[in-house]
Every structure is written in C-alpha cells, then in structure tokens.
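Structure, as structure tokens:
Please treat every number below as a calculation from the coordinates, not as lab data. All values derive from a computational prediction rather than experimental measurement. Neighbour counts run over all protein chains shown; Cβ positions are idealised from the backbone, glycine included.
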C-alpha cells in the first residue's frame, strides 16, 4: 500500500491508503469524499468517516479472488439506507445487500488537523489494519 497525499490550500492535509486490489480505488475515493465533503459530520473522530457505509461495483472481468465480477453489479452495505438501495435497483443495477463492514477494503488515514495542528489517525474496521500518527 502506498498512501496518497492530499493537499489543502497548498499544505499537506491527509495521507490515505488501502491495500491493493479490485476495490482499492473505490475504498480510497469513498473515504476521501467522506472526509472532505462531510467534515462537519465526523470531526474530530476520523474513524466515523471511515466507518460510513460503502458501495462496491463489481466491474472487472478476470478479476482476482475474492471479488466476484460482472458489469452492472453492485454490493451495498445495508446501513447505506433503503432509499439508496431502491434507487439503485430502479436504475437497473443488480444490487446485493451485504451486512455492515463486509465490503472489502481497509482504509487507513492520518490527517493533519488545520484547526489544531494535531495529527488524527484512523483505520477501517472492515479488516485487520491500524493507523498511527506521531
């Protein structure tokens, strides 16, 4: 895993990463959007942003284990909400609803808090992983 560095106003703001594989870009993007777009809903507990429900598209044929593949298929953690699940089905997606924390991925992040200068670390409960900031 090579973390991605995110800058805010020209200053390092966030290092974020996840182990590689089919779901890597989805884990990073969803976590990054949670952190940036919904900061008022999680700050200062970065774990909250990482724990929010996830969606996973099953997009590559010849993908490697353990991910099933196929176009137009999506896994949604059930706590994403029935209105979103229904909307995806109405749009023609083949939706599989899975229990919370069942979509693979292990987002880890360290944030440099611009408000306090503190480092905030968080890791995903979906897999054995950890984050540390010092």
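Some observations on this one:
- Going through (1) 1.47; (2) 1.10; (3) 0.97, the figure that equals Cα Rg over 2.2 N^0.38 Å as computed for the structure here is (2).
- The label point for residue 57 and the one for residue 121, both projected 7 Å from the Cα toward the Cβ, are 3.4 nm apart.
- Its DSSP H runs of at least 4 residues, each contributing -39,500 (n - 2.57), put the calculated 222 nm mean residue ellipticity of the chain at -6500 deg cm²/dmol, to the nearest 500.
- FRET efficiency for the residue 113 to residue 78 pair, using the beta carbon distance and R₀ = 30 Å, is estimated at 0.40.
- Full-extension gain in nm, residue 37 to residue 6, via 0.36 nm per residue minus C-alpha separation: 9.8 nm
- Sites residue 134 and residue 25 - FRET efficiency at Förster radius 30 Å, r taken between beta-carbons, to 0.05: 0.60
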